[in-house]
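Structure first, then comments.
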Ligand SMILES: C[S@@+](CC[C@H](N)C(=O)[O-])C[C@H]1O[C@@H](n2cnc3c(N)ncnc32)[C@H](O)[C@@H]1O
């Protein structure tokens, strides 16, 4: 970008860049939507062509190695690209306005790779035989997904997934500074999105070995993610976040422990 383009946002060349960034943000957002909807089908075994318990069987050890590698790839991408130092380095090469969209796109593609390459481990760990009880558990998993979606809107859905950034950039408006929010679920737990994922992954009427591995590793990753995220949140919001941490539970409303 030339100096003239930075100074004069109304220049035609600059408008093309802004519009391209906006389109990129839109594509990243649609990819995310597809990925999260696919994730619901992948975990529940409904609708999608390749779910957590379907696909060609390989040996158990091979399946464990492949699945751990896929989950580690996602964990590394997702936590490294979320750090301030990475963003600082990365935005030397890409415009700041598309940094979040790039993150969202990379996370979605890494997850789609996981869904595609996942090796099923079909051994049954538990299976609820009673149909009513199985239905209750399946509904609970769905409630987990609803908590995830609702919570993204409670803090700022469009900023979390990069659309706010590219829309503001399109009209040459600066992004407002990050706002600390504690509405609704956030009054009871500090991480309702992660709690929603945990519920969605563990509430399975039939739990296979592969599903159990997925639920256990993602839950462990969520705890590591929380540690890193809270360090950043303290850096961003200081004492306000420290006081919030003292007052509100991390994941389970009835269990207050930082
Ligand atoms: C994927 S969201 C997860 C949010 C939260 N950990 C949860 O589980 O609901 C991660 C982003 O949310 C932001 N965030 C987390 N808690 C927040 C809060 N109370 N208010 C505003 N932003 C928050 C973090 O800075 C980070 O950019």
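Bear in mind these aren't lab numbers, they're just calculated from the coordinates by the rules spelled out. If you're wondering where the values come from, they're calculated on a predicted model, not measured in any experiment. All Cβ positions, glycine included, derive from the backbone under ideal geometry; neighbour counts span all protein chains shown.
Between helix 131-155 and the chain, what is the angle of the helix's C-alpha long axis to the longest principal axis, kept within 0 to 90° and rounded to the nearest 10? Computed tilt is about 10 degrees. Go ahead and collect, in residue order, the members of segment 159-182 whose backbone nitrogen is under 14 Å from a label point 7 Å along the Cα-Cβ direction of residue 19. Answer for this model: 170-171. Helix 60-80 axis versus longest C-alpha principal axis of the chain: approximately 30°, rounded to the nearest ten. Over all directions, the projected convex hull of the C-alpha atoms in segment 3-247 averages 15.3 nm² in area. Sorting 232, 239, 53 from the fewest to the most surrounding beta carbons within 10 angstrom yields 239, 232, 53.
What do you get for the angle between helix 12-44 and the principal long axis of the chain? Use alpha-carbon atoms, 0 to 90 degrees, nearest ten. Roughly 10 degrees, rounded to the nearest 10. The distance between label points at residue 87 and residue 170 comes to 2.2 nm (points 7 Å beyond Cα on the Cα→Cβ vector). Given their separation in residues at 0.36 nm each and the Cα-Cα distance between them, residue 223 and residue 142 gain 27.0 nm when the chain is fully extended. Adding -39500 (n - 2.57) for every DSSP H run of four residues or longer, then dividing by how many residues the chain holds, sets the calculated 222 nm ellipticity at -22000 deg cm²/dmol. Relative to the current alpha-carbon distance between residue 132 and residue 61, full extension at 0.36 nm per residue lengthens the span by 22.1 nm.
Sorted ascending by nearby beta carbons within 10 Å, beginning with the fewest, 254, 145, 89 become 254, 89, 145.
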